[in-house]
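Engineer: Take this structure first; my questions come after.
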Amino acid sequence: MTRERLRLALQKSGRLADASLDLLRSAGLSVNKGANDLLYRIDNAPIDVLRVRDDDIPTLVADGVADLGVVGLNVLEERDSAARAPEEIMRLGFGRCALKIATPDKAAYEGPYALDGVRIATSYPHILSRFLDAHGVKAEIVHMHGAVEVAPRLGLAQVVCDLVSTGATLEANGLKPVQTVMESEAVLIRAPRPLPAALAPVAERFVERVRGVTAS
Ligand code: PRT
Ligand code: ZN
């Protein structure tokens, strides 16, 4: 079945949701919320907005269910299957944060080798594992799906590797950031193959409009 409208996957609710819709509006697109919670319609361009959990956006785009998507670079990089990875088109300048190693306030940290043999709790096991490998460090990764900052107090891990923006969450949990593993922000991504002929020019025009507003 050939689609006639470009599909753009955006986070439904959360830290990137409002800024993603604002980006469309400042690119001159008129977002019609309608009655369908899963799909918003753009009135002045052949584009539909697919509203989903951010974690599903790379897969939806890689599989071609959506043509473009907006997601945190951290979510994109955490994907395991490199084979069908979506392609990054551009960074968008919002949703900025950093994935950082944080230790209990009083612990000394002299560099990545200090993590040798340490248990580290994180929601980003792949990114962390690549970082540790790059530094020749062998640590034990404890995969948590949320509330990573409580791991040291629970005795689950000595150290955490978590996203930080203001640093207030770490501080409230007696942790201090000691090492940046990656910097992140929202990125525009595309399917890893050419779009159908009817949709390619729509995507191109959209990307140009977005480029215009993010550059200004
Ligand atoms: O429901 P859904 O699965 O779609 O959303 P989610 O809960 O998985 O993600 P969400 O909405 O929390 O975050 C979406 C994206 O926003 C992330 O993937 C990042 O790219 C980006 N982002 C920017 C952040 C933060 N800043 C951030 N501070 N994501 C999470 N945090 C969390 C962090 O994990 C920690 O718990 O906020 C806390 C720390 O914040 P500070 O300000 O106390 O340092
Ligand atoms: Zn998520």
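Engineer: When you scan the range 19-34, do you find a residue that is over 24 Å from Ala215 (Cα atoms) and of a type in the set (Ser, Thr, Tyr), even just one?
Structural biologist: No, the conditions are met nowhere in the range 19-34.
Engineer: Mind checking whether some residue in the range 202-209 is within 22 Å of the chain's Cα centre (by Cα), closer than 30 Å to Ala45 by Cβ, aromatic (Phe, Trp, Tyr) and at pLDDT 95 or above?
Structural biologist: yes
Engineer: Can you report the number of residues in the range 1-26 which are of a type outside the set (Ser, Thr, Tyr), away from ligand 2 (no atom under 16 Å from the Cβ) and modelled with pLDDT of 95 or more? It would help to see each step written out before you state the result.
Structural biologist: Step one: list which residues in the range 1-26 are of a type outside the set (Ser, Thr, Tyr), which gives 1, 3-12, 14-19, 21-25.
Still in the running and away from ligand 2 (no atom under 16 Å from the Cβ): 1, 3-8, 21-25.
Those left that are additionally modelled with pLDDT of 95 or more: 5-8, 21-25.
Here the count works out to 9.
Per-residue answers, yes or no, for (1) on the phi > 0 side of the Ramachandran plot; (2) away from ligand 2 (no atom under 16 Å from the Cβ):
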{"site": "Pro104", "(1), (2)": "no, yes"}
{"site": "Pro112", "(1), (2)": "no, yes"}
{"site": "Ile127", "(1), (2)": "no, no"}
{"site": "Ala134", "(1), (2)": "no, yes"}
{"site": "Ala139", "(1), (2)": "no, yes"}
{"site": "Gly167", "(1), (2)": "yes, yes"}
{"site": "Asn173", "(1), (2)": "no, yes"}
{"site": "Leu199", "(1), (2)": "no, yes"}
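Engineer: Kindly indicate the residue of the range 22-39 that is within 16 Å of ligand 1 (Cβ to nearest atom) and touching a residue at least 12 places away in the same chain (Cβ under 8 Å) and also nearest to Ala200 (Cα to Cα) among those meeting that condition.
Structural biologist: Within the range 22-39, the match that is nearest to Ala200 (Cα to Cα) is Leu23.
For every residue, the table says whether it meets (1) more than 14 Å from ligand 1 (Cβ to nearest atom); (2) under 24 Å from Leu73 (Cβ atoms); (3) among the acidic types (Asp, Glu); (4) in contact with a His (Cβ under 7 Å, 6 or more places away or on another chain).
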residue: Leu132; (1), (2), (3), (4): yes, yes, no, no
residue: Val137; (1), (2), (3), (4): yes, yes, no, no
residue: Ile141; (1), (2), (3), (4): yes, yes, no, no
residue: Val148; (1), (2), (3), (4): no, yes, no, no
residue: Gln158; (1), (2), (3), (4): yes, no, no, no
residue: Asp162; (1), (2), (3), (4): no, yes, yes, no
residue: Ser165; (1), (2), (3), (4): no, yes, no, no
residue: Leu170; (1), (2), (3), (4): no, yes, no, no
residue: Asn173; (1), (2), (3), (4): no, no, no, no
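Engineer: Follow-up. Among the residues of the range 40-58, which ones are open to solvent by less than 50 Å² (accessible area, probe 1.4 Å), within 16 Å of ligand 1 (Cβ to nearest atom) and not hydrophobic (A, V, I, L, M, F, W, C)?
Structural biologist: Tyr40, Arg51, Asp54, Pro58
Engineer: Looking at the structure I just gave you, is Lys100 of a type in the set (D, E, K, R) and buried (at least 18 other Cβ atoms within 10 Å of the Cβ)?
Structural biologist: Considered against the rule, which asks whether it is of a type in the set (D, E, K, R) and buried (at least 18 other Cβ atoms within 10 Å of the Cβ), Lys100 comes out as yes.
Engineer: Give me the residue from the range 67-91 that is without any contact (Cβ under 8 Å) to a residue 60 or more places away in the chain and not in a helix (DSSP H, G or I) and, out of that set, surrounded by the most Cβ atoms within 10 Å (Cβ to Cβ).
Structural biologist: The qualifying residue surrounded by the most Cβ atoms within 10 Å (Cβ to Cβ) is Arg79.
Engineer: Residue under question is Met144, and the condition is that it be touching a Leu at 6+ places or on another chain (Cβ under 9 Å), closer than 30 Å to Tyr40 by Cβ and at pLDDT 95 or above; does it hold?
Structural biologist: no
Engineer: Residues of the range 109-165 being of a type in the set (S, T, N, Q) and under 15 Å from Leu99 (Cβ atoms), which ones?
Structural biologist: Thr122, Ser123, Ser129, Ser165
Engineer: Name the residue, out of Ala197, Ala151, that is surrounded by 14 or more Cβ atoms within 10 Å (Cβ to Cβ) and either of a type outside the set (Lys, Arg) or under 23 Å from the mean Cα position of the chain (by Cα) (or both).
Structural biologist: So the residue among Ala197, Ala151 that is surrounded by 14 or more Cβ atoms within 10 Å (Cβ to Cβ) and either of a type outside the set (Lys, Arg) or under 23 Å from the mean Cα position of the chain (by Cα) (or both) is Ala151.
The values are calculated or read from the model by the stated rules, or taken from the named source; none is laboratory data. Predicted, not measured: the structure shown is a model, and the values here were computed from it. Ideal geometry is used to build each Cβ from the backbone, glycine not excepted, and the neighbour counts take in all protein chains shown. For accessibility, only protein heavy atoms count, side chains too; no ligands or nucleic acids. Shrake-Rupley method; radii C 1.70, N 1.55, O 1.52, S 1.80 Å.
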